[in-house]
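The values are calculated or read from the model by the stated rules, or taken from the named source; none is laboratory data. Here the structure is a predicted model, which is why all the values come from computation and not from measurement. Every residue, glycine among them, receives a Cβ derived from its backbone with ideal geometry; neighbour counts consider all protein chains shown. The area values use the complete protein model at the heavy-atom level, side chains included, leaving out ligands, DNA and RNA. Shrake-Rupley method; radii C 1.70, N 1.55, O 1.52, S 1.80 Å.
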Amino acid sequence: MAVTPHAFVWGAASAAFQVEGASQADGKGLSKWDVYTNRDRITEAVIGKQETANVAINAYDRRQYLSDIATMRDLGIGAYRFSVSWPRILPAGTGAVNQSGLDHYRRFIDDLHDAGIAPMVTLYHWDFPEELQKQGGWHNPQSVEWFRNYAAIVFRALGDRVDTFITFNEPFIDLYLMDPIAENVRAKRPIAITTAQYGRQAPAMHNLFLANARAVAEFRSLGSKGMIGMAVPLKPAVPNDRSNDRDVKAAALVDAVLNRWPLEAIFRGTYPDEVIRTFGGLNPAFRVTAEDLALLAANPVDCLGVNYYAPAFVAHDDAYPLGLNWNDVNPDPVPAFNGPVRPEALHRLLLDIRDTYGNPPVFITENGAGFGDFDEVRDGAVVKDPLRTDYIRRHAQAVLQARGEGADVRGYLVWSLFDNFEWIQGYERRFGMVWVDFETQERIPKESFHAYKAIIAADRAANSPPRR
């Protein structure tokens with residue numbers, strides 16, 4: 001197939017809760033994660049110590065973020081994906097708008113543009129307003145309208161400055177991993193997620209997909225420019241033992257739930273039969289009507305954000321929800337935090353999306369790695385991270401290979417530019433290309449930063465028009 005003619009952008013990604021800090025500044029309301037970390041002490045239950053994102057890496061402060069934008073310019077990226085905080089804009093989730101929050105994001109976007117960096121804005125990266133969480137969160141059918149209303153406010157306020165919006169980041173991880181763990185911590189139970197919790201989350205996931213469709217419809221009704229999509233965590237499912245029939249069946253179900261469910265919802269307006277059958281059997285409240293599917297089908301996304309870290313080596317194990325161990329099998333001798341290092345699986349995934357879903361525009365909205373003490377060594381003003389450096393090089397090459405084979409891949413954004421707050425793992429896990437001292441806010445570019453900078457420069461030189 002011919003190489004796609006569309007422009008390609010190199011970038012990096014972040015999320016508001018993980019970097020901004022300023023947790024109650026300028027009228028911001030609480031998110032569920034403010035509560036999870038401060039009141040429920042979720043990180044203490046997971047890593048043995050309480051940590052919060054109340055300060056994070058101080059990216060809400062303009063003096064700090066202008067310095068960070070200068071670092072982005074030095075890196076050479078052309079796009080920066082970040083999320084806006086729902087409770088910073090609507091402190092109660094609905095009702096009165098906090099103008100200070102909107103002004104902050106407009107100013108930040110203008111500062112990115114001044115640096116020649118295109119903003120890619122995510123509307124929701126897990127920081128659900130606590131006032132709405134008390135009313136059931138995504139389990140409440142009103143959440144569809146809550147989100148549509150919030151999305152419309154953002155589109156009107158920022159749409160003249162933003163060409164690409166992402167509605168949701170990783171719905172499955174938010175609803176099926178993070179929230180159940182938080183629920184168990186709050187109830188002082190073991191943090192292991194149960195099959196019953198999987199079933200309970202299905203109606204919330206359905207409401208979220210409906211909310212996505214309503215937001216897409218709102219985006220188009222406003223005549224907004226550019227594209228709108230969703231960032232989904234895709235993990236090609238591989239049976240841990242191909243000769244074990246139970247592992248093979250488990251991998252097929254993982255593929256249906258993790259991968260095909262969001263892809264079919266946002267492109268085709270359908271759900272896999274396995275999803276309807278499995279979750280419908282667990283929870284009678286999981287009902288999907290013809291009217292619901294018609295709404296999804298009428299509002300497909302324009303583009304797809306692929307958050308890819310690793311394939312899922314799937315083993316059948318009754319100790320896990322639905323008997324699916326899809327997250328804890330890693331055969332690599334040096335294990336990355338998020339799974340086996342397989343750039344070739346990303347290449348195949350992009351070709352599968354090309355062939356199965358009509359070759360939609362795709363951005364790699366997250367790709368990165370952390371290896372802990374196996375990798376990072378700080379020596380004064382130098383931080384060596386050869387394993388992350390190798391990971392980024394190989395995955396960037398896999399993306400370019402798929403693009404060269406006709407997949408409509410339009411960008412590659414590393415997770416993440418800076419070390420930040422990593423949810424239930426607090427500050428224990430570093431994914432950044434820039435090392436951050438979380439006490440002093442000192443920044444030190446790592447070896448991977450310089451390698452990525454060289455990749456960007458080489459690609460730009462190879463694809464720049466010849467001088468006359």
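For this structure, a couple of remarks:
- Once both labels are positioned 7 Å from their Cα atoms along Cα-to-Cβ, the gap between Thr194 and Arg378 label points is 4.2 nm.
- Rg(Cα)/(2.2 N^0.38 Å) for the range 1-127, N = residue count: 1.19
- The antiparallel fraction among DSSP beta bridges confined to the chain stands at about 20%.
- The chain, relative contact order in percent, only Cα pairs under 8 angstrom and at least six apart counted: 18 percent
- Globularity ratio of the range 357-468, using Cα Rg and 2.2 N^0.38 Å: 1.22
- Rolling a 1.4 Å probe across the protein heavy atoms gives the range 361-468 an accessible surface of 43 Å² per residue.
- With the gyration tensor restricted to C-alpha atoms of the chain, the semi-axes of the equivalent ellipsoid amount to 30, 27, 25 Å, longest first.
- DSSP beta bridges confined to the range 192-329 are antiparallel in about 20 percent of cases.
- MRE, 222 nm, helices only [DSSP H, n ≥ 4, -39500 (n - 2.57), over the chain, to nearest 500]: -12500 deg cm²/dmol
- For a straight C-alpha distance cut-off of 18 angstrom, the lysines reachable from Lys188 (same-chain residues fewer than eight places away being disregarded) are Lys32, Lys49.
- Here the 3J(HN,Hα) profile of the range 233-246, calculated from phi with Karplus coefficients 6.51, -1.76 and 1.60 at θ = phi - 60°, is x, 9, 10, x, 8, 10, x, 4, 10, 5, 8, 9, 4, 5 Hz, Gly and Pro shown as x.
- Percent RCO, i.e. relative contact order, over the range 159-282, from Cα pairs under 8 Å lying at least 6 residues apart: 30 percent
- For Met230, the amide hydrogen comes within under 5 Å of the amide hydrogens of Thr167, Cys303, Gly305, counting only partners 5 or more places away or on other chains and with H modelled in the peptide plane.
- In units of the compact-protein estimate 2.2 N^0.38 Å, the range 215-263 shows a Cα radius of gyration of 1.79.
- Evaluated with a Cβ-only charge set (Lys, Arg +1; Asp, Glu -1), the chain carries a dipole of roughly 820 debye about its Cα centre, given to the nearest 20.
- Estimated D of the range 65-149 in µm² per second, where Rh is the Kirkwood radius over Cα pairs and Stokes-Einstein applies at 4 °C, 1.567 mPa s: 91 µm²/s
- Protection proxy ranking, peptides 382-395, 414-427, 106-119, average beta carbon neighbours within 10 Å, highest first: 414-427, 382-395, 106-119
- Among Ala294, Phe17, Gln197 - extreme Cα towards positive end, dipole of the chain, charges at beta-carbon: Ala294
- Each peptide in 184-192, 64-72 gets a packing score, the mean of other Cβ atoms within 10 Å over its residues, and the list from highest to lowest is 64-72, 184-192.
- Coupling constants for the range 365-381 follow from the phi torsions by the Karplus curve (6.51 cos²θ - 1.76 cosθ + 1.60, θ = phi - 60°), and in residue order they are 7, 8, 7, x, 7, x, 10, x, 5, 5, 10, 6, 10, 9, 10, x, 8 Hz; glycine and proline get x.
- Viscosity 0.692 mPa s, 37 °C: Kirkwood-radius Stokes-Einstein D of the range 344-420 over Cα pairs, µm²/s: 239 µm²/s
- Rounded percent of accessible protein surface that carbon and sulfur make up, the chain, 1.4 Å probe: 50 percent
- Geometric extent, Cα atoms of the range 414-453 - Rg, Dmax (angstrom): 10.1, 30
- Considering only alpha-carbon pairs that sit under 8 angstrom and 6 or more positions apart, the relative contact order computed for the range 66-116 is 39 percent.
- Charge-dipole axis of the chain as Lys and Arg at +1 and Asp and Glu at -1 on Cβ define it, positive-most pick from Thr440, Gly95, Ile173: Gly95
- Global form of the range 279-385, assessed from the alpha-carbon gyration tensor, a/c cut-off 1.5: oblate
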